[in-house]
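Visitor: One structure, pasted below without further comment.
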Amino acid sequence: MARYRWARWGDVNAFFGLMLDNLTVMILLAALITSPRPEEDKKFSRDFVLTQMIPGTALGVVVGDLIYTWMAFRLARRTGRDDVTAMPLGLDTPSTFAVGPLVLLPALQTGLVQHHLSHQEAMVFAWHVGAVLLVWVGLFKTVVAPLGAAVRRWVPRAGLLGSLAAIALALIAFLPLWQHIAAIPVVGIASLVVVFIALVARRRLPGGVPGALAAALVGVGIYWAGQWLGGWFGGPIVPPAETPPPAPWRLPEPLPPFAQSWAWWEAVLKEALKYLPIMLPFALATIVGGIDCTESAAAAGDPYNTRTILLTEGVASVLAGLAGGVIQNTPYIGHPAYKAMGGRAAYCLATAVFVGLAGLFGWFAWIFQWLPEAALFTILVFIGLEITAQSYLATPSRHMPALALAVMPALAYLVLVGVKALGGQAAGVQLSPAGLALRSLANGFIITSLLWASVLAALLDGRLVRAALYMLIAAGCSLFGIIHSPLDPAAIALPGQVLSQIPSEPALRCQSPYHWTAAYLIGAGLLMLLTLWPSQTPKPNQIAPPGPEEHG
């Protein structure tokens with residue numbers, strides 16, 4: 001048996017890649033839900049996020065990466081090989097875009113408006129909602145992990161990957177490009193060029209400098225050079241001399257002192273239940289993604305146990321939620337890339353140690369202060385492009401139309417975000433028939449994307465009954481506001497409760513739960529009627545590529 005060389009020079013490159021990926025997701029969470037103005041009560045204070053949400057979130061990364069490091073040693077001992085690379089684990093980027101704007105911010109408003117809490121109390125309420133939701137998601141992933149192969153059979157890959165591709169393009173890549181990179185183009189575009197060179201085109205940089213590190217250094221260097229030469233970019237949020245000392249890591253308080261315990265947790269659990277349909281598709285996606293990551297690691301020469309890989313992400317998510325974390329953990333796609341860098345197990349261990357120490361000693365307060373978002377968020381553009389490319393590569397070619405269809409509900413959400421950013425809500429744009437239709441299409445877009453792509457994938461395979469079944473599921477989801485809710489913010493409710501909040505104009509009533517449910521039921525009925533006639537559609541393996549005359 002060869003002695004396992006668990007630490008090599010390539011671990012340095014791999015460490016910066018994995019560490020910066022996780023760091024970027026944490027900064028992303030803070031950017032999505034915090035406001036730089038202390039008087040802003042529609043968002044969280046940055047100090048609250050750094051001292052309450054981030055430490056527990058970091059704990060999940062520490063636990064997961066420590067287990068994956070141990071698995072690398074065990075695999076090396078079992079196979080007798082000295083070049084085993086640990087599986088990378090980190091924070092799930094797509095679900096961060098869901099838990100921030102779609103869970104934490106609406107829960108904050110619920111605490112303020114419905115429960116009449118102070119801003120501080122409402123922040124704690126929303127934070128507990130996110131933590132409880134993460135515990136549930138982790139338990140779900142732990143239970144479903146042994147059934148990962150069955151999930152892949154039940155849900156078409158176009159459905160799962162289509163919803164991920166929609167999020168990757170519309171949210172992960174475009175929103176940071178619009179709101180942060182383009183906001184300071186001198187910093188953002190320079191850093192983005194380095195990302196394109198080193199991470200997308202995969203060109204080796206001079207001296208073997210890691211691409212993620214080089215992009216961050218270029219952006220940070222330009223930003224602070226501009227600041228010190230005359231404040232070109234608006235000045236730091238807090239001058240360096242006034243940067244507050246980091247707050248130590250602390251576990252969440254089991255019960256807040258300003259509320260009766262049972263009434264508080266009853267409200268938290270009820271609120272968390274509303275957002276469970278939003279987060280479960282992301283949990284399913286990480287399970288399928290974990291299976292794909294394990295398969296890619298095996299193809300690269302490291303045959304890990306699939307069940308253990310999946311159970312680890314579930315357990316890490318549960319522990320993170322119990323400690324106040326709000327973002328689920330998942331194995332990262334790039335195991336072959338880390339292996340090609342020369343990484344072994346040290347990079348995974350170093351990431352766990354760094355993230356753990358940063359959470360324990362409060363380093364994140366300083367890190368967030370000194371690293372401009374315009375420089376770091378260029379990595380999100382790369383992640384969005386990578387997820388989209390992987391989705392198309394891993395989806396059967398005959399299901400490409402389904403993958404494209406899945407992007408459309410996400411585009412509706414993106415347009416809705418743009419309308420709000422331009423003041424459309426105050427101008428009454430969303431109360432017009434077209435505006436209300438946009439809101440209905442955008443609300444619940446993740447599940448809508450999954451179901452629409454699944455319907456079309458089943459049709460492309462000639463499985464009409466299965467397509468009708470997906471339509472019936474969509475009808476049930478529409479009836480209770482899981483998808484197509486016309487309310488703002490979206491809420492799961494009985495149809496009568498929704499109707500009482502929609503204006504009585506006939507054009508607006510067309511967006512009621514009954515209308516959307518009827519639409520899907522009619523679609524399911526049409527599909528079942530077609531099963532009475534012999535199909536003239538060729539089987540998937542008989543479909544020939546289009547000829548030249550068909551391209552015009």
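Visitor: So how much accessible area does VAL194 have, in Å² to the nearest 10, using a 1.4 Å probe?
Guide: Around 20 Å² of this residue is reachable by solvent.
Visitor: Using only alpha carbons, build the gyration tensor for the range 299-348 and give me the equivalent ellipsoid semi-axes, biggest first, whole Å.
Guide: Details: eigenvalues 123, 34, 14 Å².
For the range 299-348, the ellipsoid semi-axes come out as 25, 13, 8 Å.
Visitor: Another question about this same structure. Summing +1 for each Lys or Arg and -1 for each Asp or Glu, what net charge is found among the other residues whose Cβ lies under 12 Å from the Cβ of ALA72?
Guide: Working: positive: ARG5, ARG74, ARG77, ARG78, ARG81, LYS339, ARG344; negative: ASP11, ASP65, ASP82, ASP83, ASP302.
With Lys, Arg at +1 and Asp, Glu at -1, the neighbours total +2.
Visitor: Keeping all protein chains in place and using 1.4 angstrom, which order do TYR392, TYR514, TYR275, TYR332 fall into by accessible surface area, from largest down? Provide the component values of the computation, followed by the final result.
Guide: Details: TYR392 80, TYR514 120, TYR275 10, TYR332 30 Å².
Output order, biggest surface exposure first: TYR514, TYR392, TYR332, TYR275.
Visitor: Let me know the whole percent of all Cα-Cα pairs from the range 1-150 that are separated by more than 19 Å.
Guide: Numbers: 6946 of 11175 pairs.
Cα-Cα pairs in the range 1-150 separated by more than 19 Å: 62 percent.
Visitor: Using 0.36 nm per residue of separation minus the Cα-Cα distance, give me the extension gain between LEU139 and VAL465 in nm, one decimal.
Guide: Details: separation 326, 0.36 × 326 = 117.36 nm, distance 3.17 nm.
Additional length available on full extension: 114.2 nm.
Visitor: Computed on alpha carbon atoms, what radius of gyration and Dmax characterise the range 452-502, expressed in Å?
Guide: When restricted to Cα atoms, the range 452-502 yields Rg and Dmax of 13.8, 41 Å.
Visitor: Right, another one. Rank these residues by their accessible area, most exposed first, probe 1.4 Å: LYS42, LYS274, LYS420, LYS141.
Guide: On the way: LYS42 130, LYS274 50, LYS420 85, LYS141 0 Å².
Output order, biggest surface exposure first: LYS42, LYS420, LYS274, LYS141.
Visitor: Report the full-extension gain for the segment MET528 to MET400: residue separation times 0.36 nm, less the Cα-Cα distance, to one decimal in nm.
Guide: Details: separation 128, 0.36 × 128 = 46.08 nm, distance 2.40 nm.
Between MET528 and MET400, full extension yields 43.7 nm more.
Visitor: Among HIS115, HIS128, what's the order by accessible area (1.4 angstrom probe), most exposed first?
Guide: Details: HIS115 80, HIS128 10 Å².
Ranking HIS115, HIS128 by accessible area, largest first, yields HIS115, HIS128.
Visitor: Could you check the simple spin-label distance between LEU360 and TRP70, using points 7 Å along Cα→Cβ, in nm with one decimal?
Guide: That separation, rounded to one decimal, is 1.7 nm.
Visitor: While we're looking at this one, here's another question. Shape verdict for the range 267-376, please, from the Cα gyration tensor: rounded (a/c under 1.5), prolate (a/b greater than b/c) or oblate.
Guide: Details: a/c = 1.97, a/b = 1.13, b/c = 1.74.
In terms of gyration-tensor shape, oblate.
Visitor: Among the listed pairs LYS270/LYS420; LYS141/LYS420; LYS141/LYS339; LYS43/LYS274; LYS42/LYS141, give every one whose C-alpha distance is greater than 25 Å.
Guide: Distance filter (> 25 Å) returns LYS270/LYS420; LYS141/LYS420; LYS141/LYS339; LYS42/LYS141.
Visitor: Tell me the label-point distance for the pair GLN501, ASP82, using the 7 Å Cα-to-Cβ offset, in nm and rounded to one decimal.
Guide: Rounded to a tenth, the inter-label distance reads 6.4 nm.
Visitor: Tell me, what is the FRET efficiency for HIS115 and GLN227 to the nearest 0.05, using R0 = 51 angstrom and their Cβ-Cβ distance as r? Don't jump to the answer; show the numbers that get you there.
Guide: Values: r = 42 Å, r/R0 = 0.82.
Step by step, r from the Cβ atoms, then E = 0.75.
Visitor: To the nearest 20 Debye, how big is the dipole of the range 116-212 about its Cα centre, given +1 on the beta carbon of each Lys and Arg and -1 on that of each Asp and Glu?
Guide: Details: 7 positive and 1 negative charges, 125 e Å.
So the magnitude is around 600 debye.
Visitor: Normalising by the residue count of the range 290-393, find the relative contact order in percent from Cα pairs under 8 Å and 6+ residues apart. Could the numbers behind the result be given before it?
Guide: Details: 43 pairs, mean separation 21.9, N = 104.
Computed value for the range 290-393: 21 percent relative contact order.
Visitor: Another question, if that's okay. Once you have a ≥ b ≥ c as the square roots of the Cα gyration tensor eigenvalues for the range 74-223, tell me rounded if a/c is under 1.5, and otherwise prolate or oblate according to whether a/b is larger than b/c.
Guide: Working: a/c = 1.95, a/b = 1.15, b/c = 1.70.
It comes out oblate by the Cα gyration axes.
Visitor: Multiply the residue separation of ILE189 and SER35 by 0.36 nm, subtract the distance between their alpha-carbon atoms, and state the gained length in nm to one decimal.
Guide: On the way: separation 154, 0.36 × 154 = 55.44 nm, distance 2.43 nm.
Extra length available between ILE189 and SER35 comes to 53.0 nm.
The values are calculated or read from the model by the stated rules, or taken from the named source; none is laboratory data. In this text the structure is predicted, and so the values were computed from the model without any measurement. Cβ coordinates were reconstructed from backbone atoms using ideal geometry, including for glycine residues, and neighbour counts include every protein chain displayed. Only protein heavy atoms, including side chains, enter the accessible area calculation; ligands, DNA and RNA are left aside. Shrake-Rupley method; radii C 1.70, N 1.55, O 1.52, S 1.80 Å.
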